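Reviewing the structure listed below.
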Amino acid sequence: MSDIKPEGFFEIVSVNISDTTGCRKKPVPSARLKLGKGLEGDAHAGIIENRQVSLLAIEEIEAANAKLKAAAIDPSSPRVYRLASLCPGDYAENLTTRGIALHELPLGTLLEIGEALLEVSKIGKECHAACEIWTLVGDCVMPRKGIFARVVREGEVRSADRCHYRFG
C-alpha cells in the first residue's frame, strides 16, 4: 500500500516532445497542453484518449542510470549497452517530474501544472517491441513507473514549474 499523501507539491524538470512516435523526445523550454489532445507539437497528441500526456519521475531515470553505470563496470555483465546514460525525454515521456512517486498516485488524481490541470488516467502501459529505449538499454521503466493523464484545463507548462497534486 502506498503512503503517498493525498495532497502535495512537485516540480517539472523537463518538458519533452517528438515529431514521430516510437522514439525518444527532445526537451523544450515550454509547451501548451491542449484540452482533449495533450502536448501541442508532440506526435502523440490526440492519439489515445486516456494517454494524452505521459509523465515520468527523474528519480526513475536516475535509478536506471545507476544500473547502467553498474553494468558498465561489472566484468561479468553479459550485455553491452548502446547508451551510456539516460536523460529526460529518453523514455518518451512528455513531462519529467521531481519529488513525487507518480506510479503511486491513484487514478483521478488532479495535477496542477503551470496554468493547466491534468487528471491521472492510466498507471503504466504496455510496452511494444519497437521501443527505442528497450533496444538501447534493455529495459523500459514506463510500463512500471510512468503514468498518463488527460488535459482537463489547457495551459502553458514550463521546465521548473512548481506543481500541486491532490486526490480527485
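Say whether the condition of being farther than 14 Å from G155 by Cα, open to solvent by 60 Å² or more (accessible area, probe 1.4 Å) and touching a residue at least 24 places away in the same chain (Cβ under 8 Å) is met by at least one residue in segment 30-46. The answer is no; no qualifying residue exists.
In the set L102, L55, only one residue is modelled with pLDDT of 95 or more, buried (at least 17 other Cβ atoms within 10 Å of the Cβ), under 11 Å from the mean Cα position of the chain (by Cα) and farther than 17 Å from E7 by Cα; that residue is L55. Scanning segment 9-21 for residues that are crowded, with 18+ Cβ neighbours inside 10 Å and outside any loop (DSSP other than H, G, I, E, B) yields F10, I12, V13, S14, V15, N16, I17. So in segment 148-168, with the set limited to residues that are touching an Asp or Glu at 6+ places or on another chain (Cβ under 9 Å), in a strand (DSSP E or B) and hydrophobic (A, V, I, L, M, F, W, C), which one is most open to solvent (accessible area, probe 1.4 Å)? Ranking the qualifying residues of segment 148-168, first place goes to V152. Applying the set (1) farther than 17 Å from L117 by Cα; (2) modelled with pLDDT of 95 or more to D3 leaves exactly one unmet item: (2). A130 meets the conditions (1) closer than 20 Å to R24 by Cβ; (2) modelled with pLDDT under 95; (3) among the hydrophobic types (A, V, I, L, M, F, W, C); (4) surrounded by 14 or more Cβ atoms within 10 Å (Cβ to Cβ) in every case but one. The failed one is (4).
For segment 27-70, the set of residues classified as under 23 Å from L107 (Cα atoms), among the small types (G, A, S) and part of a strand (DSSP E or B) consists of G38, S54, A57, listed by residue number. Screening R24 on (1) assigned to a loop (DSSP other than H, G, I, E, B); (2) over 16 Å from the mean Cα position of the chain (by Cα) shows it passes everything except condition (2).
The values are calculated or read from the model by the stated rules, or taken from the named source; none is laboratory data. Please read all numbers here as calculations on a predicted model, not as lab measurements. With ideal geometry, Cβ positions are generated from the backbone for all residues, glycine too; neighbour counts draw on all protein chains shown. Just so you know, the surface numbers come from the protein's heavy atoms only, side chains and all, with ligands and any DNA or RNA stripped out. Shrake-Rupley method; radii C 1.70, N 1.55, O 1.52, S 1.80 Å.
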